[in-house]
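Undergrad: Take a look at the following structure, please.
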Amino acid sequence: MTMTRRPPHRRKPLTVLSLLLIVMAMALGPTPSSAAGTDWWAPTARPAPDSEINVTGEPFKGTNSRGEVRGFVDAHNHLMANEAFGGRLICGKPFSEQGIADALKDCPEHYPDGSLAVFDYITRGGDGKHDPDGWPTFKDWPAYDSMTHQQNYYAWVERAWRGGQRVLVNDLVTNGVICSVYFFKDRSCDEMTSIRLQAKLTYDMQDYIDEMYGGPGKGWFRIVKDSAQAREVIKQGKLAVVLGVETSEPFGCKQVLDVAQCSKADIDRGLDELHELGVRSMFLCHKMDNALCGVRFDEGGLGTAINVGQFLSTGTFWKTEKCTGPQADNPIGGASAPEAEKDLPDGVKVPSYAADAQCNTRGLTDLGEYAVRGMMKRNMMLEIDHMSVKATGRVLDIFESESYPGVLSSHSWMDLNWTERVYNLGGFVAQIMSGSGHLGGKPTSEEFSAEAKRTNALRDKYGVGYGFGTDMNGIAGWPAPRGADTSNPVKYPFRSVDGGSVLDKQTTGKRTWDLNTDGASHYGLVPDWIEDIRLVGGQDVVDDLFRGAESYLDTWGASEKHEAGVNLAANSSASASSSESNPFTSYAPGRAVDGQSDTRWASDWSDAQWLKLDLGSASQVSRVTLNWERAYGKAYRIEVSTDGTNWRSVWSTTAGDGGLDTARFTGVQARYVRIQGLERGTSWGYSLSEVGVYRD
């Protein structure tokens, strides 16, 4: 229904018809809040009937004594996933002008008993049968282990906000391959079309909530486009909503038989469009390898099914190799997926994989690197979860070379060995609500708390807060109930973390949820889950979470302020101990400072080689970046000089592994910079595509 105020009427004699109309309007139309005009957090006109919120008390405003915002951050949610995957994978809507009965209803094919809820039994097991009725009974859904039903109804999000949440990242999500192979759909599978629609509907949801509070800008749900705006919204006590993107083929950047189906121009147009929509963070790859990067594999039967989808979309299965460092991708599949595998052409089978080859061969492609640098130019934040370790390592190398802080791990899908590297850049880390990984661990408060404590020392070291990623509507699985007979259950009612609100059990229609027996079935139970974390993990874990909004905004703000450093070595005079001879290609020293990634300096094939750069005049120097070709230096040092005769070593390594290296050292005056090779990493010489020298 449309929520509009009724104009005043002249007094007329009441007829039977007019009496009936008044009764209908009272039953179905917007109803004034009992606290209207006094409680800024209570709407003046909420739809009726509707879900209860079951929270009393004023939401906190302002900042702490240090001027920092307070509150929880959900760094990974999917408010509009019901519009993804062809529109029939996630059933129900987060809001509807026609009211809750229209918003919270099952998909048509789930009636009368869920027999055709194909995705439900693929992800949940069993036969998929369930009571499809949502409003008002909600007998079987939403549930903590049901992947196919709406969990983000706006009133449930409102309860989470009232319980202390102050940042929500709404990742616009879809997957064209899943859409194309799923049996039921009612729209195009084009990913960017879905992303545009989800962005529009998020703004529509803001308008819908604003209308309850008296007009534009008055509601608690505020879409923000910069960190300063977010801080102001939180100071007002409202919820800052950030738009992100999580999709498999952004900008149409799929690959077929390892051939990219997009160009740099497509990437620029896509990034510009997303930025204009208000998107400020995004994934470059998700689930299937694309033209930008390789993915971090899924496990079990789901992984096998996704690998089948990858083949159907790209013509190639995932390929693995032995990992070169301590980081590794997830084990592939390991279980059959008959429903998916029957879609393969005759004679084609999912390959088997060696147990000691757990890394994706595909890393960050040249187009992927172009997209990463394009995001940096637009001061956007990059999500590294779902990237292969090979791709993630390169991204972190690039960010370190540019001192760029805009890196996010929002839901435990990167290799955990990189947590400190993310913090050292100034990035932000959140843990998936269900534990330490997608569909992979024990989805309990105990597991979340244990992982939070494992990384507590790092947060103390870097002075940062913590986040969670609910991944609701994201096919992830959510915290299971611990049981009413546990020794320390959530006791209702309970107080919010700030102490200003009281939360009782949440009721929608005829159903009342209890976290102890129902688990985290929908978004309205996020505050209950946080109370459970307090009971299981202790106040320290919750305190770190309550500092999450500030740390997230620190990362965002630092990304916005970042300016690319001036490369003092660009087109500088260069000389070298030697240059590889080739009648067709020049490997002269100047090729390492010409700004072209497809040219390089290459030395003779012996250890003691050097490359010297003349910056033209003395400058303060504190950072040198080296982009190695395959022939890299295992042991080398950086030397500086003011006169070209007297040299001083400022940095060295004996553990070089190629790729993009960043050497940082205390600032020193220098006109000349020399890379002195000591030991080669290969049987070839030393080869540098590009060298950068910076003041800071």
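Undergrad: Reachable lysines from LYS105, Cα under 30 Å, same-chain residues fewer than 8 places away excluded?
TA: LYS93, LYS129, LYS139, LYS185, LYS200, LYS218, LYS238, LYS287, LYS442, LYS505, LYS510
Undergrad: Right, here's the next one. Return the distance in nm (one decimal) between the two label points of a simple spin-label model at ASN424 and ARG664, each offset 7 Å from Cα along Cα→Cβ.
TA: For ASN424 paired with ARG664, the spin-label model returns 0.8 nm.
Undergrad: If you don't mind, there's one more thing I want to ask. Please list, in order along segment 457-463, the HN-Hα scalar couplings obtained from phi with the Karplus expression 6.51 cos²θ - 1.76 cosθ + 1.60 (θ = phi - 60°), rounded to whole Hz, x for Gly and Pro.
TA: So the Karplus estimates, Gly and Pro as x, are 4, 5, 5, 5, 4, 9, x Hz.
Undergrad: So who's got an amide H within less than 5 Å of the one on VAL173, skipping anything under 5 residues away but keeping other chains? H placed 1.01 Å off N, in plane.
TA: It is GLU246, by chain and number.
Undergrad: Still on this structure, please answer the following. Please report the spacing between the Cα centers of segment 593-645 and segment 649-695 in Å, no decimals.
TA: Result: 6 Å between the Cα centres.
Undergrad: Could you let me know the centre-to-centre spacing of segment 105-125 and segment 71-89, using Cα atoms, in angstrom?
TA: 19
Undergrad: State to the nearest 20 debye the size of the charge dipole of segment 222-358 about its Cα centre, where the only charges are +1 on K and R beta carbons and -1 on D and E beta carbons. Please report the intermediate quantities before stating the final value.
TA: Details: 15 positive and 20 negative charges, 119 e Å.
Dipole of segment 222-358, to the nearest 20 debye: 580 debye.
Undergrad: Now for a different question. With the other protein chains left in place, how much accessible area per residue, in square angstrom, belongs to segment 284-440 at a 1.4 angstrom probe? Mind dumping the intermediate values first?
TA: Values: 5210 Å² over 157 residues.
Ligands and nucleic acids excluded, the figure is 33 Å² per residue.
Undergrad: Relative contact order for the chain: what is it in percent, counting Cα pairs under 8 Å that are at least 6 residues apart? All intermediate terms of the calculation are to be shown ahead of the outcome.
TA: Working: 1628 pairs, mean separation 90.5, N = 696.
Relative contact order for the chain comes out at 13 percent.
Undergrad: I've got another one for you. Tally up the carbon and sulfur contribution to the accessible surface of the chain as a whole percent, 1.4 Å probe, everything protein left in place. Don't skip to the answer; put the middle values down first.
TA: Values: 14040 of 27580 Å².
Within the chain, the accessible surface is 51 percent carbon and sulfur.
Undergrad: Over all directions, what mean area does the Cα convex hull of the chain project, stated in square nanometres? Write out the running numbers ahead of the final one.
TA: Values: hull surface 140.5 nm².
One quarter of the hull surface, i.e. the mean projection, equals 35.1 nm².
Undergrad: Based on the alpha carbon coordinates of segment 320-444, what radius of gyration and maximum Cα-Cα distance (Dmax) apply, in Å?
TA: 16.7, 51
Undergrad: Less than 11 Å Cβ to Cβ from SER622, Lys/Arg counted +1 and Asp/Glu -1: what total charge do the surrounding residues give? Mind dumping the intermediate values first?
TA: Numbers: positive: ARG623, ARG664, ARG695; negative: ASP696.
Charge balance near SER622 sits at +2.
Undergrad: Short version: ³J(HN,Hα) in whole Hz for each residue of segment 544-552, in order, from phi by Karplus 6.51 cos²θ - 1.76 cosθ + 1.60 (θ = phi - 60°), x for Gly and Pro, what are they?
TA: These are the phi-based 3J(HN,Hα) values: 4, 5, 5, 8, x, 4, 4, 5, 4 Hz.
Undergrad: Still on this model: Students often forget the sequence filter, so: which lysines lie under 24 Å Cα-Cα from LYS377 once same-chain residues fewer than 8 apart are removed?
TA: Of all the lysines, those that pass the test against LYS377 - Cα under 24 Å, at least 8 places apart if same chain - are LYS225, LYS254, LYS264, LYS390, LYS561.
Undergrad: Excluding residues fewer than 8 places away in the same chain, name every one of the aspartates and glutamates whose C-alpha is closer than 13 Å to that of LYS322.
TA: ASP356
Undergrad: Report ARG362's accessible area, 1.4 Å probe, all protein chains in place, as a number in Å² to the nearest 10.
TA: Surface accessible to solvent at ARG362 totals approximately 40 Å².
Undergrad: With runs of 4+ DSSP H residues as the only contributors, calculate the mean residue ellipticity of the chain at 222 nm using -39,500 (n - 2.57) per run, divided by the residue total and rounded to the nearest 500. Before the final figure, lay out the partial values.
TA: Values: 19 runs with 191 residues, N = 696.
Using -39500 (n - 2.57) per qualifying helix, the result is -8000 deg cm²/dmol.
Undergrad: If you average the C-alpha positions of segment 526-551 and of segment 183-227 separately, how far apart do those two centres end up, in angstrom?
TA: 28
Undergrad: Another one. Take every DSSP beta bridge with both residues inside the chain and express the antiparallel ones as a percent of the total, to the nearest 5. Numbers along the way, then the final one.
TA: Numbers: 53 of 85 bridges.
Expressed as a percentage, antiparallel bridges in the chain total about 60.
The values are calculated or read from the model by the stated rules, or taken from the named source; none is laboratory data. The structure presented is a predicted model; accordingly, all values stated were derived computationally and were not measured. So basically every Cβ, Gly included, is an ideal-geometry build from the backbone, and we count neighbours across all protein chains shown. The area values use the complete protein model at the heavy-atom level, side chains included, leaving out ligands, DNA and RNA. Shrake-Rupley method; radii C 1.70, N 1.55, O 1.52, S 1.80 Å.
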